[in-house]
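Enquirer: Can you read through this structure? Questions will come right after.
The values are calculated or read from the model by the stated rules, or taken from the named source; none is laboratory data. The model shown is predicted, which means the values in this text are computed figures rather than measured ones. Positions of Cβ are backbone-derived with ideal geometry, glycine not excepted, and every protein chain shown enters the neighbour counts.
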Amino acid sequence: MINANVLLAEMTPETRTFVLIALAVFVLVGIFMMIVFFSFVRLWIQSLLTNAKISIPDLIGMKLRNVDYNMIVKQKIAMIQAGVKVTTQDLESHYLARGNVPKTSTAVIAAHKASMDLPWKTAAAIDLAGRDVLDAVRTSVNPKVIDCPDPSKGRSSLDAVCRNGIQLRCRARVTVRTKLERLVGGATEETIIARVGEGIVKAIGSAEDHRAVLANPNLISQTVLHNALDAQTAYEIVSIDIADIEVGENIGAKLQAEQAAADLRVAQAEAEKRRAAAVAREQEMLALVQENRAKVVLAEADVPLAIAGAFRDGRIGIEEYYNLKNVQADTAMRSSLSGGTQENGAAK
């Protein structure tokens, strides 16, 4: 210390300032190196021992780019140990793209262990597309079962009518597994459920007799299975099983009864129309009879006038007039007798 003080005393003020600044910089660099050493040396040694090949400059760069370097190192070590080739830049890029690096790396490792071809870029694209890549790999390895129709949508069965008019109600279970290469852009479970449901309804509708379907429901499922219903979807249909099938209503008889009721209503309407027309015609005929009677009364009223005119003109005399009156009286008597006989006969 004495020698250092002597040396500082012998230095000029400018030299002394430069030396102090150099010492301060050296101390700061030393402190920074100590921080770096204690912060990254453990991860660096761990990556070095596991052949992950992540250098301290890489760790410092990730720290400056606000990347979770601890997680990146652990995930790369796990993938390298599992035999998956991936670069630190790929992991870091996926993290910066707001992807789920742990789930994606776990999915790639699971696919690799199951001898499935799932490159890191494909898995990252699936994850960034919003799909659960780990669940997709699990479904591809261990197929899952989908209920058709989906009970959560409010339907409990698929209803179809055979050609003999009998309704069948059934539920199916579809076993699917994920097709990773079609996961991005492929249709989802709802499409599978809709296609399978439509296929089952068509197959039942083409059956001649419902008893044949009840005897062997697997014929329906086999027919539907060979229709390539999984095209352009993210799944491959493994099997279609009819879980339950039961007889519903006799739709044919119900439709016939409804048709008969409709025909009856039409016939009643036609009969009512004809009755109304007959009533109207009857009223017309009664009016015509009254009109003709009025004409007869008018004609009879002209007879006395004609007789009076004949008297004035001298065309008939008193004797002829009385003869005419006798004829009229005789006619009236006969009419009276005839009417009285009919009334007595009716009374008897």
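Enquirer: Given (1) charged (D, E, K, R); (2) farther than 28 Å from residue 79 by Cα; (3) modelled with pLDDT of 70 or more, where does residue 53 come up short, assuming only one miss?
Expert: Residue 53 satisfies every listed condition except (2).
Enquirer: Moving on to the next point. If we keep just the residues of the stretch 188-244 that are without any contact (Cβ under 8 Å) to a residue 24 or more places away in the chain and among the polar types (S, T, N, Q), which is surrounded by the fewest Cβ atoms within 10 Å (Cβ to Cβ)?
Expert: 216
Enquirer: Scan the stretch 160-176 for residues that are within 24 Å of residue 238 (Cα to Cα) and surrounded by fewer than 16 Cβ atoms within 10 Å (Cβ to Cβ) and jot them down.
Expert: Answer for the stretch 160-176, where residues must be within 24 Å of residue 238 (Cα to Cα) and surrounded by fewer than 16 Cβ atoms within 10 Å (Cβ to Cβ): just 175.
Enquirer: Do we find that residue 173 is part of a strand (DSSP E or B) and within 21 Å of residue 227 (Cα to Cα) in this structure?
Expert: Yes, satisfied.
Enquirer: Could we say that residue 220 is modelled with pLDDT under 85 and either touching a Cys at 6+ places or on another chain (Cβ under 7 Å) or within 15 Å of residue 157 (Cβ to Cβ) (or both) here?
Expert: yes
Enquirer: What residue, of 236, 258, 272, 249, is outside any helix (DSSP H, G or I), over 23 Å from residue 189 (Cβ atoms) and out of contact with any helix residue (DSSP H, G or I) (no Cβ under 7 Å at 6 or more places or on another chain)?
Expert: Of the residues listed, the single one that is outside any helix (DSSP H, G or I), over 23 Å from residue 189 (Cβ atoms) and out of contact with any helix residue (DSSP H, G or I) (no Cβ under 7 Å at 6 or more places or on another chain) is 249.
Enquirer: Separate question: Being assigned to a loop (DSSP other than H, G, I, E, B) and surrounded by 12 or more Cβ atoms within 10 Å (Cβ to Cβ) is the filter here, so list the residues in the stretch 302-319 that pass it.
Expert: 316
Enquirer: In addition: Here is a list: 124, 129, 114. Which entry is closer than 18 Å to residue 234 by Cβ and crowded, with 18+ Cβ neighbours inside 10 Å?
Expert: Only one candidate qualifies: 124.
Enquirer: Could you tell me whether residue 282 is part of a helix (DSSP H, G or I) and within 30 Å of residue 120 (Cβ to Cβ)?
Expert: When the stated conditions are applied, residue 282 does not pass them.
Enquirer: Residue check, residue 211 against (1) under 18 Å from residue 197 (Cβ atoms); (2) assigned to a helix (DSSP H, G or I), all met but one. Which one?
Expert: The one condition residue 211 does not meet is (1).
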